[in-house]
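J.: What follows is a single structure, and I will ask about it in a moment.
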Amino acid sequence: MKAIIIDDEPLARMMVKEYLQAYPHIEVVQECNDGFEGMKAIQQHQPDLIFLDIQMPKINGFEMLELIDNPPQVIFTTAFEEYAIKAFDAHAADYLLKPFSKERFDKAMQKLQQPHTNAAQAVVETALQAATQSNRIVVKDNGKIKIIPVVQVQYLEAADDYVKIVTAEGSFLKKKTMQHFEDILPPQEFIRIHRSYIVNAQLITRIDPYEKDSHLALLTTGARLPVSKAGYAKLKEVLGI
């Protein structure tokens, strides 16, 4: 098995390498300091396994995984316990809280070949319900990584298997669902006004009636977005109208 260690702490990388000496069938093909290096290494080596820190400079471990098609098996290594549930949401083989012992490391390695259990699936569902709010969105744009602060998002639009994120700079696609963004974006700022639209409420300048039981939201940018009956009820609640 080929493995890559992605962690900005040299001591943590050294510990993983030391513990891996007991597993001669696993070859560490590269060590990386951050998510950018990690993405390049994964594309180059196509590893079977990655040991991935979560809190890193530039982009974090979750954001890096989102940008990879068909990611390998993952064992997260981090000092931040609050990320545990979200780690399982990312379908990690296991989650190691630093500093971890050789015994705990061995348990994680034993899980590599085990299929996900119903208990693990339950953790995934819990993670979706308890998803942390995000203040930025990371996308791939023409092969480059772009970090979009949430405050710059005007609205999001469903686009088949993707979501189109519209900003003043242009629009960007991310392979996620509308439900994903509804879960992670601040609910008082971003409102699901239609099954295909989530809008930055601060940009709404007017809401006009449109056909039966529907409306149009006019944004300060000039965009006109459809508002469903359920979306209109949400708007009235959040905007206090």
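The values are calculated or read from the model by the stated rules, or taken from the named source; none is laboratory data. Bear in mind the structure is a predicted one, so any value in this text is a computation, not a measurement. Reconstructed Cβ throughout: ideal geometry from the backbone, glycine too, with neighbour counts over all protein chains shown. Ligands, DNA and RNA are excluded from the accessible area calculation, which covers all protein heavy atoms including side chains. Shrake-Rupley method; radii C 1.70, N 1.55, O 1.52, S 1.80 Å.
J.: Select from Q44, F62, P72 the residue farthest towards the positive end of the dipole of region 33-81; place +1 on Cβ of Lys and Arg, -1 on Cβ of Asp and Glu, and compute about the Cα centre.
T.: Farthest along the dipole direction, towards plus: Q44.
J.: How large is the direction-averaged shadow of the alpha-carbon convex hull of the chain, in nm²? Numbers along the way, then the final one.
T.: Working: hull surface 58.1 nm².
Reported value for the Cα convex hull: 14.5 nm².
J.: Which of Q44, Q30, Q179 moves the most in a Gaussian network model of the chain with Cα springs under 10 Å?
T.: Comparing Q44, Q30, Q179 in a Gaussian network model of the chain, the most mobile one is Q44.
J.: Per residue, how much accessible area does region 18-59 have with a 1.4 Å probe, in Å²? Could the numbers behind the result be given before it?
T.: On the way: 2130 Å² over 42 residues.
In whole numbers, region 18-59 has 51 Å² accessible per residue.
J.: Here's a follow-up. Given a Förster radius of 22 Å and the C-beta distance between N70 and Y23 as r, what FRET efficiency does 1/(1 + (r/R0)^6) yield to the nearest 0.05? Write down the numbers at each step before the final one.
T.: Details: r = 23 Å, r/R0 = 1.06.
Efficiency for this residue pair is about 0.40.
J.: In nm, what is the difference between 0.36 nm times the number of residues separating A158 and Q110 and their Cα-Cα distance? Spell out each step's value before the answer.
T.: On the way: separation 48, 0.36 × 48 = 17.28 nm, distance 3.99 nm.
Extending this stretch completely gives an extra 13.3 nm.
J.: Another question, if that's okay. Keeping the other protein chains in place, figure out the carbon and sulfur percent of the accessible area of the chain, with a 1.4 Å probe.
T.: Numbers: 6470 of 13190 Å².
Carbon plus sulfur share of accessible area: 49 percent.
J.: What net charge is computed for the residues neighbouring I26, neighbours being all others with C-beta under 9 Å from the C-beta of I26, Lys and Arg scored +1, Asp and Glu -1? Don't skip to the end; give the middle numbers.
T.: On the way: positive: K2; negative: E27, D48.
Within the 9 Å Cβ shell, the charges total -1.
J.: Just E27, E66, E103 to compare: in a GNM of the chain, with alpha carbon springs under 10 Å, which one fluctuates most?
T.: Its mean-square fluctuation being the largest, the pick is E103.
J.: Under 12 Å from the Cβ of Q179, count the other residues' Cβ atoms, weight Lys and Arg +1, Asp and Glu -1, and hand me the total.
T.: Details: positive: K176, R192, R195; negative: E182, D183.
Combined, the nearby Lys, Arg, Asp and Glu give +1.
J.: Still on this structure: Cα centroids of region 1-67 and region 208-241: how far apart, whole angstrom?
T.: 46 Å
J.: Related question: What percent antiparallel are the DSSP beta bridges of the chain, to the nearest 5?
T.: On the way: 33 of 51 bridges.
About 65 percent, rounded to the nearest 5.
J.: Tally Lys/Arg at +1 and Asp/Glu at -1 over every other residue whose Cβ is under 9 Å from the Cβ of M1; what's the total? Could the numbers behind the result be given before it?
T.: Working: positive: K2; negative: E27, D48.
Around M1, the charge tally is -1.
J.: Let me ask something additional. For each pair in K102/K140; K140/K236; K58/K174; K2/K175; K175/K229, compute the distance between the two Cα atoms and list the pairs where it is over 29 Å. Could you put the intermediate results ahead of the total?
T.: Values: K102/K140 37 Å; K140/K236 35 Å; K58/K174 19 Å; K2/K175 27 Å; K175/K229 27 Å.
As for pairs spanning more than 29 Å Cα to Cα, those are K102/K140; K140/K236.
J.: Gaussian network model of the chain, Cα springs within a sub-10 Å range: biggest mean-square fluctuation belongs to which of M56, M15, M64?
T.: M15
J.: Enter the accessible area per residue of region 149-227 (Å², integer; probe 1.4 Å; all protein chains in place). Walk me through the numbers before you get to the answer.
T.: Working: 4240 Å² over 79 residues.
Result: 54 Å² per residue.
J.: In addition: Taking R0 as 41 Å, what's the FRET efficiency between Q55 and D208 from their Cβ-Cβ distance, rounded to 0.05? Could the numbers behind the result be given before it?
T.: Numbers: r = 45 Å, r/R0 = 1.10.
In this case the efficiency is close to 0.35.
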